[in-house]
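Each value in this text was obtained by applying a stated rule to the coordinates, not by laboratory testing. This structure is a prediction, so every number in the text was calculated from the model and none was measured. When we count neighbours, we look across all protein chains shown, and the Cβ atoms used for this are built from the backbone with ideal geometry, even at glycine.
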C-alpha cells in the first residue's frame, strides 16, 4: 500500500513549470503582430498620459499670425491648423481623448454585454430567449447607424458619444460571452464544483468567468480600435466632441475646407487615427492566435 | 451476504427514471431519451457496488442523478432513508458533504485556472470547515493521503500527469469527508500502469476511511477487481445483479454472457476459443426495442421476450436477473 | 526468414513545441512480414501513433520532422520517394484506419459513393463495376443490408458501422498490402470491439494482407497479434512473437504492464494490484539512457547513461535491457 501511494512524487513536468500567465506572456512575445501592436499602443499610451509634459504648446492657444504653417517650419514640427494652433500638441492631446473613449466605451460594452451574456448563457430559458432577441434586433442595425441614433437620443457630446459607442458594442460581447458560457457550463469541472456544493453565483463568476476571458479579451482589444474610429466618425459628423476639443475626428472636420491648400491639417489626424486603430487590431489578432486553444502545445 | 437483506442501507433508489428531451436534428421533433429507466438498487455501508454496461446504458446518468446533478423524471433516491429529491436546495448542498463524486476525465474535471490548493480548499470553504489556516493544513494532509507531495500545492492542473490529476480529483472528493463516493469511470482515461496505482489508492482509501463506492465502469476487469457486488445495465435498466464472485463464476443474463465473451482474454493461447460474438449494435436509448431491450441481439429470444419486458427473477439466492429464461 | 513487407530502421522523429524540442521517436526499428499482424503496443505518449503516421508521412510538418532512419516498403524507402508516388501508395498498397472513423469519412457524401471514389481513382474501373465492387466490399465487411446502407451518410451509422466502412474503404484498392489500424476499437463498446476484431481477423485470412495494429490494450493484442513490439517513451523495448511476449515477458516494462492489468489472475484474492510506480518521463528533459530507468525495479547505473543494444533471447524475441543477462527467464 505504501508503495502505491508514495510512488508518484516525482513530477513528470518540467521543474519550475510557469504559471498560465507566464506561459501566455512567453507565447505572446513570440507573436510579431501582437508585439508590434503592443508597441504602438504603448507609445500612444505614454503620449496620452504625459501629454501636458510632452506637448510643446497649449493645444487651444491660437496664434493667428502662424496659421496654416506647414510642418517642420518655424519650430512647428507638424505645422499649425487654420486657427494657428500647434498640430503636434493637438494630436497629442487628441490621443488622450481617443484612449479614454476607447477604454470607457469598451468597458461599458463588455461589462453590460458580458453580464447579459453570462446570465443568458448560464440560466437559459425565457431570459435567454428575450435578451437574445433584443440583441438580434440591435445587430440588425448597421453599427454606425445605431450609434448615431443613440447619440441623437442622448444629445451630442463627447460623454454621450462614449455611452453610445459602448451601447452599440453590447451585442457582440453578449454573444461571445453567452457562447463561451454555454460551452463551459457543460464541462466536467463545473459539474464537479457543483457536486461539491458551489452555488450559482460562485459557479458563474469564480468558476466559469475566468475561462471565458480569452475570447472576451480578443474582442475587447479589437473593440477599442473600433471605438476610436467610431468616435472620430461621430465627431466628424458633429455628434461627438465639440470645438475646440482637440479630437481627431473633429480636427479633420473643422479644417476639411483646407484639404487642398494645407494637406497636413486633415492628413495628420487621420494618420494618427489609422496608426492607433492598427495597433489595437494587430494586438487583437495576435491575442487571438496566442489564446486559441487549438494552437496551444 | 446480500445487501438487500442487511439492515443498514446507505443509499437506495426506487424505480428511478431519468429521461431527457432531445431534439432530432433532422426534423426538429422532440424525442425522449430513456437514459435511466426504472432502476432500483441499494448499497450497504462499506460496500463497493460496481455498475457495468456499454455506452448508452445510463450508468453515468444514474451516478449523476443519485447526486441530484440531474433531475429525475420519476422514482426516488434515498440517502440514509432521506428522500434526496424532496430535500430543499440547502439540504441538498448539505447532503453533498456526505456523497461525493470522482469524474472520468482528469483533464476536464479540474478547473484549469485554479491552483491545486484552491481546488482542494474550495469544498472545505463551501461547507465552512475550519478557518483558513486549518484548511491549509487539511489541504496538505489530503495531498499526502492521495500520494501527492504537498509542496506541489501551488501548481496548476496542467502541470501534472493524468494519474496525478486523478489523485487531485480524489483528494477533492475526500476533502469533505464523505461516506459515499460515486466513481464515474474514475480510471477509464488512465494508462494501465497508472490505472493500477489509482485502483490501489481507491482500495486503500476505502479500507482506511470505511468508504462506500458506487463504482461505474465499462471495464469488466476493473469492476471485477474492485467491486463486492455488481449491477449490469443495458439501455437504462438493470439486467442482472449479483455478488462479484457469483457473477464472474456464472453470468446468467444472456447480455452479461455476451459482455463477458466479448471481453478480450489476456492470453493469446485462448484466443478465438468458444468465442460467441453477439451481433448487432447497441440500440439507441431514444427508441429502445419493445419488450426486452436485448431481445433483438439475444440468441435465446422468444416471442415473449419481444412482447414484454421481463420482471426480475431470483433463480438463486441473492441473484437477480431480468430475463424470461429464468421465469417459472 | 523471408523478405519483410515493411521494415522500419532506426526511425527518429522530433516535434518542436513551445516548451522545447520533443524527441518523440528515438530510433525505432521493426519489420512486418507479408500477411502478418504486428501489434505496436504502449501507453499514451509512447510514440506508437507517431511511428504509424511516419510510415505514410502523415506527420504534421511543422511541428513534426522525421530526422533519421529508413522506412522500407517492399524495398523502397518511403522517406525518399516523391510525394505523388507516395500518395499513390497510400490509397492502393498501404491503407489506414483510425480510432474515430467520423473524422476520416467525408460527412457530406454517402458512404457508397466514397468507396466508389477510391475505386475509380486507383483502378480503371467503369462506374457500374465500381458500384458493384463497392457493394461487395460493404458485404465483405458485414454491413447488414448493404444496398440500403450504400446511400447512408456517415452520421447515420453507429460507431461500429462507421469503422466497418473505413475498413471497406481501406480494402477498396486492387492489391492491399498493409493496413495500419490506429486504435481501431478504442472508441467502441466491447461487444462491438469483438465484432471488429473478428472481422479484421477474418479479412486478413481472406486477403492475405499485413496488419500493423496500434493499441494500448493488451487484451486486443492477445486476441489478434502474431508478433508484438512494446514501445515506451519513443523506444521499442521488447519485440517478439505474441506467445513469447505474454508467456515470457522479459523487459521490466512489459512485465510491469502485464502485471498491472486488473484481470491478471494474481489479484483474485489479494485485492491490490502490482502497479508500476511513478509516471512516464518528460520527453523534453529525458536523456539518452533507458527511458524506463526511473520506474524500473532492476535499474543499474549504466541504464541512465545510454540505451542498451538489443539482446536476442530466442529466434524472434529481442529485448533492450541491461538487466537481461542476470535476470534469467522466469
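When chain A is treated as a GNM, springs tying every alpha-carbon pair under 10 Å, which of A:70, A:20, A:171 comes out with the largest mean-square fluctuation?
Of A:70, A:20, A:171, the most mobile in the Gaussian network model is A:20.
For the pair residue B:55 and residue C:312, how long in nm is the line joining their label points, each one 7 Å along Cα→Cβ?
4.5
Taking other Cβ within 10 Å of each residue's Cβ, how do A:91, B:277, C:71 sort, fewest first? Don't skip to the answer; put the middle values down first.
Numbers: A:91 23, B:277 16, C:71 20.
Final ranking by Cβ density, sparse to dense: B:277, C:71, A:91.
Of the candidates C:141, C:228, C:299, which one comes out as most mobile in a Gaussian network treatment of chain C with C-alpha springs shorter than 10 Å?
For chain C, modelled as a Gaussian network with Cα springs under 10 Å, the answer is C:299.
With the crude spin-label approximation of a point 7 Å out along Cα→Cβ, what separation in nm comes out for residue A:43 versus residue B:267?
My value for the distance between the label points is 7.8 nm.
Relative to the longest principal axis of the C-alpha atoms of chain C, give the angle of the C-alpha long axis of helix C:127-140, reported between 0 and 90° and rounded to the nearest 10°.
Tilt of helix C:127-140: around 50 degrees.
Over chain C, what is the percentage of antiparallel beta bridges among all DSSP beta bridges, to the nearest 5?
Of all bridge pairs located within chain C, approximately 65 percent are antiparallel.
So what is the calculated 222 nm ellipticity per residue for the protein assembly as shown, using -39500 (n - 2.57) for each DSSP H run with n of 4 or more, over all residues, to the nearest 500 deg cm²/dmol?
Helix contribution divided over all residues of the protein assembly as shown: -13000 deg cm²/dmol.
Tell me the angle of helix C:159-170 to the major Cα principal axis of chain C, expressed in degrees between 0 and 90 and rounded to the nearest ten.
The angle comes out at about 80 degrees.
Tell me, how many Å apart are the Cα centres for region C:111-183 and for region B:125-190?
Between the Cα centres of region C:111-183 and region B:125-190 lies a distance of 49 Å.
What full-extension length gain, to one decimal in nm, is calculated for residue A:126 and residue A:149 as 0.36 nm per residue of separation minus the Cα-Cα distance?
Gain on extension, residue A:126 to residue A:149, equals 5.5 nm.
What is the calculated FRET efficiency for residue A:141 to residue B:325, with r their C-beta to C-beta distance and R₀ = 60 Å, to the nearest 0.05?
E(calc), rounded to 0.05, equals 0.30.
Counting other beta carbons within 10 Å of each residue's own, what order do B:34, B:255 fall into, fewest first?
On the way: B:34 23, B:255 27.
Starting with the residue having the fewest Cβ neighbours, the order is B:34, B:255.
Given a Förster radius of 41 Å and the C-beta distance between residue C:304 and residue C:247 as r, what FRET efficiency does 1/(1 + (r/R0)^6) yield to the nearest 0.05?
The formula returns an efficiency of 0.85 here.
How high is the relative contact order of region A:73-198? Use alpha-carbon pairs under 8 Å, at least six apart in sequence, and give a whole percent.
Relative contact order of region A:73-198: 33 percent.
Where does each of B:160, B:313 land when they are ranked from fewest to most other beta-carbon atoms within 10 angstrom?
The fewest-first ordering by Cβ neighbours comes to B:313, B:160.
Between residue B:245 and residue C:186, how high is the FRET efficiency from 1/(1 + (r/R0)^6) when r is the Cβ-Cβ distance and R₀ = 35 Å? Nearest 0.05. Could you put the intermediate results ahead of the total?
On the way: r = 30 Å, r/R0 = 0.85.
Efficiency at R0 = 35 Å is approximately 0.75.
For region A:16-67 and region C:36-97, what is the separation of their C-alpha centers, rounded to whole Å?
50
If you take every DSSP beta bridge whose two residues both sit in the protein assembly as shown, what share of them, in percent to the nearest 5, is antiparallel?
So the antiparallel bridges in the protein assembly as shown amount to around 65 percent.
Which whole-number percent gives the relative contact order of chain B, counting Cα pairs below 8 Å spaced six or more residues apart?
So the answer I get is 20 percent.
Can you give the direction-averaged projected area of the convex hull of the alpha-carbon atoms in region A:48-295, in nm²?
The orientation-averaged projected area of the Cα hull of region A:48-295 comes to 16.1 nm².
Using the Kirkwood radius over Cα pairs, work out the Stokes-Einstein diffusion coefficient for the protein assembly as shown at 20 °C and 1.002 mPa s, in µm²/s as a whole number.
67
Give me a single rounded figure for C:181-193: the average over its residues of other chain Cβ atoms within 10 Å of their Cβ. Can you show the working numbers first?
Details: counts 0, 0, 0, 0, 1, 0, 1, 2, 10, 12, 14, 8, 5.
Average per residue, whole number: 4.
According to a simple spin-label model (label point 7 Å from Cα along Cα-to-Cβ), what is the distance in nm between residue B:286 and residue C:123?
The answer from the label model is 3.6 nm.
Could you state the angle between the C-alpha long axis of helix B:162-174 and the longest principal axis of the C-alpha atoms of chain B, as a value from 0 to 90 degrees rounded to the nearest 10?
With both axes taken from Cα atoms, the answer is about 80 degrees.
Which of these, B:290, B:14, B:270, has the largest mean-square fluctuation under a Gaussian network model of chain B (Cα springs below 10 Å)?
Top of the fluctuation ranking is B:270.
If I stretch the segment between residue B:306 and residue B:27 completely, what's the gain in nm (0.36 nm per residue apart, minus their alpha carbon distance), one decimal?
Full-extension gain reported as 97.6 nm.
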